[in-house]
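The next block holds one structure in the form of C-alpha cells; read it before the comments.
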Amino acid sequence: MMKAGEGLRVLLAEDEALAAAVLADALAEMGHAVVHAADGETAFGLASAVPFDVLVTDLAMPRMTGLELIPRLRAENPGLPVVVMTGYLSDEAARMLASPAMGPTALLLKPFPLGQLAAALDRVAALRAPQVCLPVARPLTLGQGTVRLA
C-alpha cells in the first residue's frame with residue numbers, strides 16, 4: 001500500500017453520481033487528490049488543462065465514452081496510466097481495450113471491491129516511482145590499459 005504523502009493526482013470520469021461520490025471519497029481516503037468529471041468530454045477538457053497521474057474511467061458515459069476518451073488522452077500523454085471500470089464489457093470493447101494504444105493498466109468489472117482499485121493505483125504509483133541506478137565498480141579498459149573506477 002502507498003505511504004502518506006505519495007498520493008496520485010486522479011482524474012475520475014464517472015457519470016453515475018452515487019458511484020462517483022463513493023469512488024471520490026474512497027480515493028481521497030486512500031490519500032489521492034481527485035478531480036471528478038461526469039462525462040468524457042469534461043474529462044478530456046480537464047486533462048488538457050491540468051496534469052494527472054492516472055485516469056480512472058467508466059466506459060459508458062454521455063458526450064464521450066471511455067473508449068473515445070482513452071485514445072484522445074493518450075494522443076496527448078502516451079504514458080498516461082488508465083484504470084477502466086465497467087459494469088458490462090462487450091466483445092467489441094474487449095477487443096478495443098486489448099490494442100496497445102488502448103491497453104489499460106487495470107480493468108475492473110463493476111461492482112468491484114475498493115481493494116481492487118487500491119491495488120491498481122498502487123501499481124500505477126510503482127510505475128511512476130523514480131528508478132534508482134546504482135553505480136557498479138568495475139574495470140574500464142581503454143586501449144592497452146585498465147582503469148579501475150571506484
Only listed residue being touching a residue at least 24 places away in the same chain (Cβ under 8 Å) and within 21 Å of Leu127 (Cβ to Cβ), chosen from Phe44, Phe52: Phe52
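A quick yes/no check of all residues on (1) assigned to a loop (DSSP other than H, G, I, E, B); (2) at pLDDT below 95:
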| position | (1), (2) |
| --- | --- |
| Met64 | yes, no |
| Gly79 | yes, yes |
| Met85 | no, no |
| Glu92 | no, yes |
| Arg95 | no, yes |
| Leu117 | no, no |
Starting from region 1-23, keep only residues that are among the acidic types (Asp, Glu), then list their pairs with residues that are at pLDDT below 90 whose Cβ atoms are within a distance under 9 Å, requiring at least 6 positions of separation or different chains. Glu6/Ala129
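Yes or no, residue by residue, for (1) at pLDDT 95 or above; (2) in a helix (DSSP H, G or I); (3) touching a Pro at 6+ places or on another chain (Cβ under 6 Å); (4) buried (at least 18 other Cβ atoms within 10 Å of the Cβ):
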position: Leu11; (1), (2), (3), (4): yes, no, no, yes
position: Leu23; (1), (2), (3), (4): yes, yes, no, yes
position: Val35; (1), (2), (3), (4): yes, no, no, no
position: Ala47; (1), (2), (3), (4): yes, yes, no, yes
position: Pro51; (1), (2), (3), (4): no, no, no, no
position: Val56; (1), (2), (3), (4): yes, no, no, yes
position: Met61; (1), (2), (3), (4): yes, no, no, yes
position: Leu67; (1), (2), (3), (4): yes, yes, no, yes
position: Ala75; (1), (2), (3), (4): no, yes, no, no
Filtered residue count, region 77-92, keeping only those that are touching a residue at least 60 places away in the same chain (Cβ under 8 Å) and surrounded by fewer than 20 Cβ atoms within 10 Å (Cβ to Cβ): 0
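The values are calculated or read from the model by the stated rules, or taken from the named source; none is laboratory data. Fair warning: this is a prediction, and the values are worked out from it, not measured in the lab. All Cβ positions, glycine included, derive from the backbone under ideal geometry; neighbour counts span all protein chains shown.
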